[in-house]
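The values are calculated or read from the model by the stated rules, or taken from the named source; none is laboratory data. Because the structure is predicted, anything quoted here is derived from the model rather than measured. Ideal geometry is used to build each Cβ from the backbone, glycine not excepted, and the neighbour counts take in all protein chains shown. Side chains are part of the model used for accessible areas, which takes the heavy atoms of the whole protein and leaves out ligands, DNA and RNA. Shrake-Rupley method; radii C 1.70, N 1.55, O 1.52, S 1.80 Å.
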Amino acid sequence: MTLVHSISEASRRLSCVVRSMTLDVVLRWVVALVLLMAVASKCLSPGAITAVAIYLLGREADHGLIAASLSALVMMESALALALITGTYPRVTGIIAACFFGALTLVLARLSIDPTAPHCACMGSVHGGMLGESPGQSTVGGFIRNAGLIVASLMIARGARERAPA
């Protein structure tokens, strides 16, 4: 195999990879990355999200129910990220992700109405500290982020070509 042939083959393979990077693939990876960042931050600093769960479920709520709710949230975010990364059933995954982000936006709206409510913790307590945001700024940022994620998820669902699991 000559050097020219090797370079030509490498160039052909690279162009195939670049062509396969369609907008829906990029969007899937971006949304999955945001979900994985949320999972990691909740696992690294569970106190903030626990305070939100106690606020939403009530102080009388069983500790097992709170732990189960938080585990379900982290598992849902992880499963959605995995489905987006692998590209399995992207239309269904995009619709589920859009509904999921819509539900999280309703929770954020509920927290923003009550001045005594804890800070959102959508991205864990690490989020606000890293960006130095006040709770009001992070709420506005959360609404903007969630709106973008809903739009991206719907674009994923719209542009998807269904692929069954291998």
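Details
- Label positions at V92 and A79, each projected 7 Å from the Cα along the C-beta direction, are separated by 1.1 nm.
- Environment charge at A117 (Cβ cut-off 15 Å; Lys +1, Arg +1, Asp -1, Glu -1): +1
- For the pair C43 and I7, a Förster radius of 41 Å applied to the C-beta separation gives a FRET efficiency near 0.35, rounded to the nearest 0.05.
- For region 28-110: accessible area per residue (Å², 1.4 Å): 51
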